[in-house]
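Visitor: I am attaching a structure below and will ask some questions about it afterwards.
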Amino acid sequence: MTTQQQFSFATRPLVPFAHDYTHGETEPWHSHTCAQLLHTLSGVVRVETVQGFWIVPPGRGVWLPAGTQHRLLITGNVAARTLFIDPFGRADLPSVCQVVQISTLLRELIIASLQLPERYAAGSRAERIYELILDEIRGISVLPFNLPQPEAPALLALCRQIQAEPGTRWTTALAASQLNISERTLLRHFRQQTGLAFSEWLRRARLMEALNRLAQGQSVLRVALDLGYESHSAFSAMFRRTLGVAPSDYFQPESLSGNAFNSA
């Protein structure tokens, strides 16, 4: 879509861009000299960086600071509405990659910006919309849809095995035995390398895989069992506790503008 494009901010602080992807499309590794807010109206986008990867469900967005090397993997038909932003447009724009909640106001501002002129008069409607978008980004809510990857080769290999086998009952004892270390050592190294407890990392890995599968139309029961949950209800309880809505309702249009989220 934009891997080779350059954006000018000589006349405006951000450049809006609309693009629709089909299931299975990818964008190769690339970066931009500007910041990027990728917002999806439908489908799921997996954004990979060298630090880890982020899952962007429909109605949410991902913030990528200027210079971030990344690639995209598309699940479902994705309607993407992207803002390429002057990294100096505001002094306190986010400095790290993060999946973010897109409020109803910001969503409508992004859509409106697609129709705005590149040049505009001071005090005009166009100027106010551009400036309000930047204001909204500064106060955006962060969602924990990232899965940090460890740097230690052995621990990275374990994480990749877990992601390849999400239905396995990954206890700390099993994970530690894979590395021939004690459970205490595993837990200590895991938190040092990823910033997350092993149990939280595992929950996120399964949740993110669930979002990909649900976006492909798989049934909630099939996803629950494939990911190692004992029942539909156990999986649904975890999903609702984390995201504030049942998995069967998550991809419905009325859930996309909500801000319900519980990090517990």
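Visitor: Return the residues of the stretch 179-196 that are under 26 Å from the mean Cα position of the chain (by Cα) and surrounded by 15 or more Cβ atoms within 10 Å (Cβ to Cβ); say none if nothing qualifies.
Guide: Leu187, His189, Phe190, Gln193, Thr194, Leu196
Visitor: For the stretch 12-55, name all the residues that are closer than 18 Å to Met208 by Cβ, among the hydrophobic types (A, V, I, L, M, F, W, C) and in contact with a helix residue (DSSP H, G or I) (Cβ under 9 Å, 6 or more places away or on another chain).
Guide: Passing the criteria: Val44, Phe53, Trp54, Ile55.
Visitor: It is to be established whether one or more residues within the stretch 171-178 are assigned to a loop (DSSP other than H, G, I, E, B) and surrounded by fewer than 20 Cβ atoms within 10 Å (Cβ to Cβ).
Guide: Yes, that holds for at least one residue.
Visitor: Name every residue in the stretch 140-153 that is out of contact with any His (no Cβ under 9 Å at 6 or more places or on another chain) and open to solvent by less than 60 Å² (accessible area, probe 1.4 Å), in order of residue number.
Guide: Of everything in the stretch 140-153, those that are out of contact with any His (no Cβ under 9 Å at 6 or more places or on another chain) and open to solvent by less than 60 Å² (accessible area, probe 1.4 Å) turn out to be Ile140, Leu143, Pro144, Phe145, Asn146, Leu147, Pro148, Gln149.
Visitor: Go through the stretch 1-54 and report how many residues are among the aromatic types (Phe, Trp, Tyr) and free of Cβ contacts under 8 Å to residues at least 60 places away in the same chain.
Guide: Summing the residues that are among the aromatic types (Phe, Trp, Tyr) and free of Cβ contacts under 8 Å to residues at least 60 places away in the same chain in the stretch 1-54 gives 2.
Visitor: Of the residues Ala210, Ala176, Ala205, only one is free of Cβ contacts under 8 Å to residues at least 24 places away in the same chain and either among the aliphatic types (A, V, I, L, M) or under 22 Å from Val45 (Cα atoms) (or both); which?
Guide: Ala176
Visitor: Being open to solvent by less than 10 Å² (accessible area, probe 1.4 Å) and either closer than 21 Å to Cys34 by Cβ or free of Cβ contacts under 8 Å to residues at least 24 places away in the same chain (or both) narrows it down to one of Thr82, Thr68, so name that one.
Guide: Only one candidate passes the filter, namely Thr82.
Visitor: What's the number of the only condition in (1) assigned to a strand (DSSP E or B); (2) touching a Ser or Thr at 6+ places or on another chain (Cβ under 9 Å) that Thr68 fails to meet?
Guide: Condition (1) is where Thr68 drops out.
Visitor: Let me ask something else about it. Quick check: is even one residue across the stretch 57-65 modelled with pLDDT of 90 or more, over 16 Å from Arg138 (Cα atoms), in contact with a Pro (Cβ under 7 Å, 6 or more places away or on another chain) and open to solvent by less than 10 Å² (accessible area, probe 1.4 Å)?
Guide: Checked the stretch 57-65: no residue is modelled with pLDDT of 90 or more, over 16 Å from Arg138 (Cα atoms), in contact with a Pro (Cβ under 7 Å, 6 or more places away or on another chain) and open to solvent by less than 10 Å² (accessible area, probe 1.4 Å).
Visitor: Return the only residue of Gln192, Gln216, Gln178 being within 25 Å of Glu48 (Cα to Cα) and modelled with pLDDT of 90 or more.
Guide: One residue alone meets the criteria, Gln192.
Visitor: Please enumerate the residues belonging to the stretch 97-130 that are under 27 Å from Val45 (Cα atoms), of a type outside the set (A, V, I, L, M) and surrounded by 12 or more Cβ atoms within 10 Å (Cβ to Cβ).
Guide: Hits for the stretch 97-130 are Cys97, Gln98, Gln101, Ser103, Thr104, Arg107, Glu108, Ser113, Tyr130.
Visitor: Only one of Thr11, Thr3 is among the β-branched types (Val, Ile, Thr) and either assigned to a helix (DSSP H, G or I) or modelled with pLDDT of 90 or more (or both). Can you tell me which? Explain how you work it out, then say what you get.
Guide: Values: Thr3 fails: either assigned to a helix (DSSP H, G or I) or modelled with pLDDT of 90 or more (or both).
Residue meeting the stated conditions: Thr11.
The values are calculated or read from the model by the stated rules, or taken from the named source; none is laboratory data. Being a predicted model, the structure only gives us computed values, none of them experimental. Using ideal geometry, Cβ is built from the backbone for each residue, glycine included, and neighbour counts are taken over all protein chains shown. Only protein heavy atoms, including side chains, enter the accessible area calculation; ligands, DNA and RNA are left aside. Shrake-Rupley method; radii C 1.70, N 1.55, O 1.52, S 1.80 Å.
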